[in-house]
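A short write-up of the structure that comes next.
The values are calculated or read from the model by the stated rules, or taken from the named source; none is laboratory data. It should be emphasised that the depicted structure is a prediction, and the values quoted were computed from it without experimental measurement. Here the Cβ positions follow ideal geometry from the backbone for every residue, glycine too, while neighbour counts run over all protein chains shown. When the accessible area is computed, the model is the full protein with side chains, heavy atoms only, and any ligands, DNA or RNA have been set aside. Shrake-Rupley method; radii C 1.70, N 1.55, O 1.52, S 1.80 Å.
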Amino acid sequence: MVRFMSDDDERRPGHPHQSARPTQAVVLAGGQGSRLRPYTDDRPKPMVEIPGTGTPIIGHQLAWLAAEGVTDAVVSCGHLAAVLQDWLETADLPLRVRTVVEKEPLGRGGGLKFAAARLPEPDQPWYATNGDIWTRFSLRDMADFHEERGATATLALARPRIPWGAVETNEFGHVLDFIESPPSPYLINAGVYVFSAAFTTLLPDRGDHERTTFPRLARERRLAGFPLPQGAYWRAIDTAKDLTEAAKELASGPAPHGHGSFDTAPVPHG
């Protein structure tokens, strides 16, 4: 069992890596999860269990991060933080985990910066993920993509399926076909990131980095986008319907394989 560390523990001394692939990560787990009520009435959103797995969302995330070479994670808590901390203290974790608690809301960018200050190796790159993402793809490939492009920040990009059926017509207005839940024509931010060490200093102390830091990096061509590979599973757990859909997808194959809201092809664990 890997030891869980509270925010009061001393920082572990850093050591150099031979690879640019990160071995540390931040998980943003402080959201209210209001759209997941009543599941989030007594627990934070990342502690909601995917039906049929016996494991909360954050448990799946930490297992995935560890499988991708991450040895240390900082979990940023907020809403009902004690529930999450209690689970981490008793869980058989595959990596070292410490928590930080925002005493007051700092915004997504401020929360990232606050948590990143507790990473064991501040001079090394790091991953970050939103606490409501259930996914599997190769973070190692994403880290290589990030390094090859010399990016300061790289975000994973998903192409979710539209929840409605689409109608295909010809130029005369004749209906040709009905397409159920087609892929979106647009890529979206998948909530998973690779950051260079220098990125931390660019984050706001308060506020949203997606409205400040990311646009600045995009203008400077230092922001990269990594499209999730064909067959990768990705789902954001935002509503009770997402939990139901995730359970259906789980029933069709090993977690988190299945049809998913991103792609219909299964993907092996990375």
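For LEU176, which of the numbered conditions (1) open to solvent by less than 70 Å² (accessible area, probe 1.4 Å); (2) of a type outside the set (Gly, Ala, Ser); (3) farther than 30 Å from GLY111 by Cβ fails to hold?
In the conditions (1) open to solvent by less than 70 Å² (accessible area, probe 1.4 Å); (2) of a type outside the set (Gly, Ala, Ser); (3) farther than 30 Å from GLY111 by Cβ, LEU176 misses (1) alone.
Looking only at helices (runs of 4 or more DSSP H) that lie completely in the range 55-146, which have at least 2 residues being farther than 27 Å from LEU217 by Cα and either touching a strand residue (DSSP E or B) at 6+ places or on another chain (Cβ under 7 Å) or of a type outside the set (Lys, Arg) (or both)?
57-67, 81-90
Applying the selection to the range 55-83, what residues are out of contact with any Asp or Glu (no Cβ under 9 Å at 6 or more places or on another chain) and at pLDDT below 85?
HIS79, ALA82
The rows are residues; the columns are (1) open to solvent by 40 Å² or more (accessible area, probe 1.4 Å); (2) over 30 Å from GLY231 (Cβ atoms).
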position: CYS77; (1), (2): no, yes
position: ALA81; (1), (2): no, yes
position: LEU88; (1), (2): no, yes
position: ALA91; (1), (2): no, no
position: ARG96; (1), (2): yes, yes
position: GLY131; (1), (2): no, no
position: ALA143; (1), (2): no, no
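Which ones in the range 188-215 are in contact with a Pro (Cβ under 8 Å, 6 or more places away or on another chain), surrounded by fewer than 18 Cβ atoms within 10 Å (Cβ to Cβ) and either at pLDDT below 90 or closer than 14 Å to GLY107 by Cα (or both)?
Listed by number, the residues that qualify are ILE188, THR212.
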